[in-house]
Amino acid sequence: MSVILKTDKLRVEFKSREFRQSPKVALSGLDLEVGTGEVFGFLGPNGAGKTTTINVLLGFVQPTSGAAALFGIDVRQPIARQRIGYLPEMTYYYKFLSAEELLRFYAKIFGLPRNETDKRIAQLLKLVELEHASKRQIKTYSKGMQQRVGLAQALINNPDLLVLDEPTSGLDPVGRMKVREIIQRLKNEGKTVFFASHELGEVETVCDRVAIISEGELKAIGRVSEIVAQHPSLEKAFLEVIGYKPQLA
Amino acid sequence: MNPARTLWLLLVVLFVFSFDLAAKLQPQFQSIESTRRQSGNFFSLLLGDSSKIFANSFFIKADEYYHSGYYPTIFDNNSAFQTPHIAEDTGAVASHNGGEEETSFMGPPRDWIDAFGRNFIPNRHTHLDEGGPTDDLSESSQVREILPWLKLSAELDPENIQTYLVTTFWLRTRLNKVSEAEQVLREGLRNNPGNPQLFFELGRIYDENYHDIARARNIWEAALRSWAREEPDVPQSDRLKMTLENFDDRFMFEQLQTSLALLEEKSGNTAAAIARWQQAILAAPSTADMQQHIEDLKHKLAEQPSPASSK
Amino acid sequence: MRTIFALAGVVIKELYRRKDFYVLFILTIVICVIMASVNIFNDNQIVRYLKELCLLLIWISSLVIAITTTARQIPAEREQRTLLPLLAKPLTRTQLILGKFLGCWLACGLVLICFYVFFGALAASREHAWPLLSYFQAAILHWMALGVVIAMTLLGSLVFAAPSSNSTICFVLVATILCVGRYLDAVALTLGEPLRSVIYAFYYAIPHVEIPFEMRNLIVHDWPLIGWKFIGLDILYLLAYMAIFLVAACLVFRRKPVN
């Protein structure tokens, strides 16, 4: 199994806007390795550094020190993003475009040939169950439909690595189930999925391995079955790893 | 007390108060309305006294159109454009223009941006009635393009006589729109009742364009009468003296009397013509030619057989 | 290049699916038609006042469309978080800026075609002539001037946080240049130091987009064609300013956090 995603002693500091405040450390010495075909869960409480890690991997944020690579290419090179798909949290796509137009636009950015684009769009609309609404403008979509359009755009280039940031946040149970089914299907197709989430149940269901970070540091990493074996549940394991002590006995 | 009831009560009191106020103010408002109706139009009501400033700028705009856009701004030397050329050419106003018209008011280019920019703006002094930028005299009717701005200027400042005179001049002499010119003058007279200059121009239309000598005479005589009415408390002899002391009035007086004199000559009323010439001579700057003409007329009158002798 | 055109395509789609252009276009037509219906001394060949009014409305409308469309591009991408999936694609920030610029510029070009066709029709209805080359000269320089305004607004959208503040600043700056840009050197001459040097510096630094704006007078009053050499030079001058603003925008955007 070859390594698709790798971070090496990744450190990110943000300068404080307040006078004489020391910089805020968002990530500190993060080492991660994700192999081909894995569904990797990336867990952590709010502000732990999950989104910062994703931002570094996608080239949005420059690391203060350390390195990150996708497919062995430094993430600062745009070419490193050629084979990835990304679904950000809570995105409102161009309201004046239809799902089909949006997918065609992203396909053009990837430089896909026209006939391949048509085929791919048809496949994806079927996958995310939006064939019936493909010609309608996105502003008429429900939240769940918008999230599925987001998933479709992340898959337009048939990526080898899919980066999902809270893909089910704000969705109703049916919407969540649908997204989960799609991830399962991608897993079956052998895609690598890097999956940041709060939904521990979801992670437990779909992920092969998980990493738990807190305050910018990696606290635990391993197979889900290994972590769950030592604790009553993934939730208990998560709370213990991040050092949370319940107030009520 | 119930707050809702208080509000209702307040509303009723305010309504009664407004009704009372409206009933009291209505008579005064009516008197203001009637004054307004006499004095102005929609623009005047809307803009108040500032309408005169707009009227003036539209008059200047007409002059700018007359020059096909070649016109000085506040940053340029405008000594050759102190008096709008559209008015200067009509003879309706005295010229205050200095400098050489043909020399560019922009002066030499200040820098390369200024020099380059001059290729993109009108950069030659032309007049529309002389063909404009193409110098094509067959296109002289393009002078019609100044009319919208003159019309707007007259609407904004209906008391400005110069606007009517200039509009009439271009309509009558260059565009051959005599009935429209007459309408402009009649509009001017509605807004400025009894103005001798407007009467004079109206008389010219009847004389020169309609060849209606009788009406032209009536109009010019009306002009003299209305001029005489301007100072009703001053005796006639003193009024003439006062008129002759003022350059514009003197010029107007001479024009009216001369026009009437020529009209009488045209009608064969030599005696009446002599009387008019004798009035005109009082205001004329140089009298020698006029005196000679009167003598010729007297001579001619003497040679004419009298109706009694012919019998 | 394909990427840049893809981005431009989205901006153009946005323009023709929003109501801004239609409202301004219809308003221009209505105002011009009302003004054309005024009877001026029974002369139906008077046209120059209509041409001037129409060209002024075209300039105002095009500036409104250019500035408001451009000012919201990057802030809207940020606010709606579409910038994230976009930059997660193999796309550089420079390409994004160029794509947005090209989209706004081409969209304004299409807008200008519609407006100038109407202008031509309006003028032809009265003077029965189609001086196409004159209209082409006016339209091409107008488009170039809009290019400078768009590039400047794009840079402003990266510097100022809110699109409204950026739009206001751009409108004020452009209006100042159009009204007094040509005379700033004359104004400087009347001032003492150090204000004189400041105004002079401003005069030489600003893009003189008033040159195409003032060219309206030549079109309104049927002046002969401008030499093509001067048109070419002005295009080069305006292209240089577009490049300056775009390079500055790319440099600013490179350092800008995405979210």
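Highest average first, the peptides A:8-15, B:256-263, C:152-159 ordered by how many other beta carbon atoms sit within 10 Å of their residues are C:152-159, B:256-263, A:8-15. If you plug the beta carbon distance of A:Glu189 and C:Ser125 into 1/(1 + (r/R0)^6) with R0 = 45 Å, you get a FRET efficiency near 0.10. The alpha-carbon positions of the protein assembly as shown define a convex hull whose volume is 300 Å³ per residue. Going from the isolated chain to the complete set of protein chains, the range C:4-22 loses at least 20 Å² of heavy-atom accessible area (1.4 Å probe) at C:Ala6, C:Val10, C:Lys13, C:Glu14, C:Arg17. Charging the Cβ of each Asp and Glu at -1 and of each Lys and Arg at +1, and nothing else, the dipole of the protein assembly as shown about its Cα centre rounds to 4380 debye. Estimated translational diffusion coefficient (Stokes-Einstein, Kirkwood radius over Cα pairs, 20 °C, 1.002 mPa s) of the range A:118-157: 213 µm² per second. When the charge dipole of the range C:2-254 is built from unit charges on Cβ atoms (+1 for Lys and Arg, -1 for Asp and Glu) and taken about the Cα centre, the candidate among C:Ile31, C:Leu87, C:Leu50 whose Cα reaches farthest toward its positive end is C:Leu87.
Accessible area lost on pairing A with C, both sides, 1.4 Å probe, Å² to nearest 100?
Values: alone 13000 and 13400 Å², together 23880 Å².
Approximately 2500 Å² gets buried when A meets C.
Nearest 100 Å² is fine: what is the total accessible surface buried where chains C and B meet, probe 1.4 Å?
Accessible area lost upon association: around 3400 Å².
A Förster radius of 60 Å, combined with the Cβ-Cβ distance separating B:Ser286 from A:Lys15, puts the computed FRET efficiency at roughly 0.05.
Treating the angle as unsigned and between 0 and 90°, give the value, to the nearest 10°, between the Cα long axis of helix C:93-127 and the longest Cα principal axis of chain C. Around 10 degrees separate the two axes. Between A:Ser142 and C:Leu191, the simple label model (points 7 Å from Cα in the Cβ direction) yields a spacing of 6.2 nm.
How many percent of Cα pairs in the range C:86-166 exceed 17 Å?
Of all Cα-Cα distances in the range C:86-166, 59 percent exceed 17 Å.
Surface composition of the range C:68-224: carbon and sulfur make up 75 percent of the accessible area, probe 1.4 Å. Positive-end ranking of C:Pro75, B:Met290, B:Thr270 along the dipole of the protein assembly as shown, with charges on Cβ about the Cα centre, is headed by C:Pro75.
Pairs exceeding 19 Å between alpha-carbon atoms, taken from A:Lys50/A:Lys143; A:Lys95/A:Lys143; A:Lys95/A:Lys119; B:Lys52/C:Lys51; A:Lys126/A:Lys178: A:Lys50/A:Lys143; A:Lys95/A:Lys119; B:Lys52/C:Lys51. For the range B:97-179, the set of GluC sites (Glu not before Pro) satisfying both a DSSP loop assignment and a count of at most 11 other C-beta atoms within 10 Å is given as B:Glu100, B:Glu102. Rounded, prolate or oblate for the range C:1-64? Axes are the square roots of the Cα gyration tensor eigenvalues, ordered a ≥ b ≥ c, and the cut-off for rounded is a/c under 1.5. In terms of gyration-tensor shape, prolate.
Backbone amide hydrogens, once placed in the peptide plane, bring A:Ser214 within less than 5 Å of A:Lys219, excluding anything fewer than 5 places away on its chain. The average projected area of the range C:2-254, computed from the convex hull of its Cα atoms over all directions, is 15.9 nm².
Taking the longest Cα principal axis of chain C as reference, the axis of helix C:228-254 is set at about 30 degrees. Could you give the angle, 0 to 90 degrees to the nearest 10, between helix C:163-180's Cα long axis and the longest principal axis of the Cα atoms of chain C? For C:163-180 against chain C, the angle is about 40 degrees. Once Rh for the range A:18-66 is found with the Kirkwood sum over Cα pairs, what is the Stokes-Einstein diffusion coefficient at 20 °C and 1.002 mPa s, in µm²/s? Approximately 168 µm²/s, per Stokes-Einstein. For the range C:2-254, a crude dipole built from +1 on the beta carbon of Lys and Arg and -1 on the beta carbon of Asp and Glu, taken about the Cα centre, is about 940 debye to the nearest 20. In the protein assembly as shown, taking the dipole from charged Cβ atoms about the Cα centre, the farthest positive-side position among A:Ile212, C:Pro131, B:Thr83 is held by A:Ile212.
The values are calculated or read from the model by the stated rules, or taken from the named source; none is laboratory data. In this text the structure is predicted, and so the values were computed from the model without any measurement. Every residue, glycine as well, gets a Cβ built from its backbone with ideal geometry; the counts of neighbours run over all protein chains shown. Each accessible area value is taken on the protein alone, full model and side chains, heavy atoms only, with ligands, DNA and RNA left out. Shrake-Rupley method; radii C 1.70, N 1.55, O 1.52, S 1.80 Å.
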